[in-house]
């Protein structure tokens, strides 16, 4: 197809018979590219919204995990302190048992001595009275 004198000068008519400087193919491709760019920008916007929501969710989960971690550390420390308290209490009770055993031995020894003394005193009384 031969170019018209206007086309050779760089002027073209569109489908509405308006005078244009761009070739119709270039104009059409420009419009298509413009549409594709708009769709791309829209998709990027949707992607950013989804990623933003995901980031918020991950931040919330991280905060919850940190809270639970602190609770677990507190519970572990509490258990350690309870175990130490029990150990100290056990040592105190063992010391008290040892002390009571010693008192019992002294008492038994003293009673044994006083029993012997009493037994000897009764023998002596019997001898005197006889």
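So how do 27, 129 line up by other beta-carbon neighbours within 10 Å, fewest first? It would help to have the intermediate numbers written out before the result.
Values: 27 14, 129 6.
Arranged by neighbour count, lowest to highest, 27, 129 become 129, 27.
Provide the gained length on full extension for the span residue 68 to residue 82, in nm with one decimal, where the gain is 0.36 nm per separating residue minus the Cα-Cα distance. Please report the intermediate quantities before stating the final value.
Working: separation 14, 0.36 × 14 = 5.04 nm, distance 2.08 nm.
Gain on stretching residue 68 to residue 82: 3.0 nm.
Coordinate-derived values only; no laboratory data. Given the structure is predicted, the values throughout are model-derived calculations rather than measurements. All Cβ positions, even for glycine, are placed from backbone atoms using ideal geometry, and neighbour counts span all protein chains on display.
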